[in-house]
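Q: For reference, the structure I am asking about is given below.
The values are calculated or read from the model by the stated rules, or taken from the named source; none is laboratory data. As the structure is a prediction and not an experimental result, all values here were calculated from the model. So basically every Cβ, Gly included, is an ideal-geometry build from the backbone, and we count neighbours across all protein chains shown.
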Amino acid sequence: MGSIRKQTIISSILVYIGFFIGFINIYFYTTSAPFGFYKNGNIFAPEQYALTKIFFDISQIMLAFGGLGVIPVIYKFYPYYKDSLDVKKIDLMTWGLGASLIGFLIVFMSGLYFEPLIVRKFSERSPLVIDYYYWIFPFAAGMLLFSVIESFCWALHKSVVSNFLKETGMRVITSVLIGLYYFKVINFRVFIYLFSFQYLVIFLVLLVYLLRSGSLHFTFSVSRVTRKFWKKMMNMQALIFGGTCIAAVAATIDTLIIASLKGLTTAGIFGFAQFAANLIQVPQRSIQAVSAGVLSRAWKDKNYKEINRIYERSCINLLLMALFIFGNLWLNIVPAIQLLKIQNAYSAGLSVIFVLGLVRIIDAGTGLNAMVINTSTFWRFDFYSGIVLLAFRLPFTYFLIKKYGIIGSAFAELSAYGLYNIIRCEFLRRKFNMQPFTRKTVYSLFLGLVAYLTCFFVFQSVSGWLGLILRGFSFSAIMIAGIFYWNLTPDAGQLFHNLKKRLLQ
């Protein structure tokens, strides 16, 4: 776990730097008075911020369909190529990028064909989606190409570089564009034009890095590994393609339904709530990227003990980190909105933040179940469980949004992903006897609850920045002390020992 822990820590730091920059971006998207100066610059309306969220969500669906299932195939089969071929003869990325380009061409043609349907669904309540519809395609193309070579970075154990570009570099570019808009150098139309090319920029940067480092080569000769495994790869690709599409639709459909039924302003409020809740997922995203190549190698070597160790350790570590982040977030979200002068409309999303936070805790607390399944020989199960998720999620989400608005969407997500994770955890328990939950899981939940209630009641009368600091510091101190007192995770002790050793050198 040492290699995973080290890369996860580095990746998480970089991702959190990116999220801090992202927080600044969200601040400018949502505030009514940036740094107290209302008249000095342009202010983003909720529907304008929602449009940037729509770009991401529609592109996620285009990525899933255009990727044709090649991304998991790359990090699943790369160990076989690495063990059998010289690096210059590995043709995996050539066929992976080629397939994704063909897939995106199909998506683009489909987008043109279904444009009348998009117009009917969004023109009345979300006209901005129609105005900038075609600019979603370069954004989606860049996301797809970047994701393909990012999966290659995972296989190479170079996820730190790709994480930096996606989580930090991307947000720096957005910050520059926001600055240009705020200081009236560009108008909103030009802002969206430039916004749509961000992923293509970081794709080219990562591509140049891999080429110059000698990690990536393109060859059009069919290798013996491809000839040996192409049937298995195609079979896996076909099923994973379906599963990926299902997962992408399930993950993004709520924003699209909200924009269609309730309008872009409401979608913007929901997007703000999602951003806040997604802070909880940062460690999970980092460890997924780092663990993909390690788990693929462990499955290839039939090292079940290592797989179970990674799975068990990921559950407790991610649960503790999720509780740590959510406690700090929920203790301070209301005063932070007031202090930062966030537009009043976004306060309607507070209940959504709480429910989505619970979703993220459940997802984190069940660890790397998806990655363990995807890198195993039973990756077909991910497709079948995805069908269950989508069949449950789509009608439930539509009904609850129509009846209850954005809080309905949050409860639909809580129900769907709760069921989804139960199914995957039970599969791993029955198939491989992997049961990662222990009494320390209960202790962790108890610790998080006690730390939250203590800080809430002790500091509820303290307002302003002082209250924000005291609640955050006290909650963090109680959580860290509890983790060490109950020895909830061995990684905490090892991390402290390594840090102490370096400081004393």
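Q: Determine which member of the set Ser376, Ser347, Ser351 is assigned by TED's automatic domain parsing to the domain that holds Ile43 and modelled with pLDDT under 90.
A: The unique qualifying residue is Ser376.
Q: Could you check the stretch 203-245 and list, in sequence order, the residues that are within 29 Å of the chain's Cα centre (by Cα), surrounded by 12 or more Cβ atoms within 10 Å (Cβ to Cβ) and more than 24 Å from Val107 (Cβ to Cβ)?
A: Tyr209, Leu210, Leu211, Ser215, Leu216, His217, Lys232
Q: Can you tell me which residue within the stretch 47-98, out of those that are of a type in the set (Gly, Ala, Ser) and surrounded by fewer than 20 Cβ atoms within 10 Å (Cβ to Cβ), is farthest from Ile246 (Cα to Cα)?
A: Ser84
Q: Filter the stretch 383-407 for residues that are in contact with a Lys or Arg (Cβ under 8 Å, 6 or more places away or on another chain) and assigned to a helix (DSSP H, G or I); which is farthest from Leu256 (Cα to Cα)?
A: Looking at residues that are in contact with a Lys or Arg (Cβ under 8 Å, 6 or more places away or on another chain) and assigned to a helix (DSSP H, G or I), I get Ser385.
Q: Test each condition in (1) outside any helix (DSSP H, G or I); (2) under 30 Å from Ala410 (Cβ atoms) for Ala259 and report the one that comes out false.
A: All conditions are met except number (1).
Q: Oh, and also: For Asp91, are the conditions met, namely being among the acidic types (Asp, Glu), modelled with pLDDT of 90 or more and in contact with a helix residue (DSSP H, G or I) (Cβ under 9 Å, 6 or more places away or on another chain)?
A: When the stated conditions are applied, Asp91 does not pass them.
Q: So, one more: Which of the residues that make up the stretch 106-127 are in contact with a helix residue (DSSP H, G or I) (Cβ under 9 Å, 6 or more places away or on another chain) and of a type in the set (Ser, Thr, Tyr)?
A: Correct list: Ser110, Ser123, Ser126.
Q: Among the residues of the stretch 83-96, which ones are touching a residue at least 60 places away in the same chain (Cβ under 8 Å) and not in a loop (DSSP other than H, G, I, E, B)?
A: Ser84, Val87, Lys88, Lys89, Leu92, Met93, Thr94, Trp95 - these are the residues of the stretch 83-96 that are touching a residue at least 60 places away in the same chain (Cβ under 8 Å) and not in a loop (DSSP other than H, G, I, E, B).
Q: Quick check: is even one residue across the stretch 310-327 more than 22 Å from Asn369 (Cβ to Cβ), touching a residue at least 40 places away in the same chain (Cβ under 8 Å) and not assigned by TED's automatic domain parsing to the domain that holds Leu453?
A: Scanning the stretch 310-327, I find at least one residue that is more than 22 Å from Asn369 (Cβ to Cβ), touching a residue at least 40 places away in the same chain (Cβ under 8 Å) and not assigned by TED's automatic domain parsing to the domain that holds Leu453, so the answer is yes.
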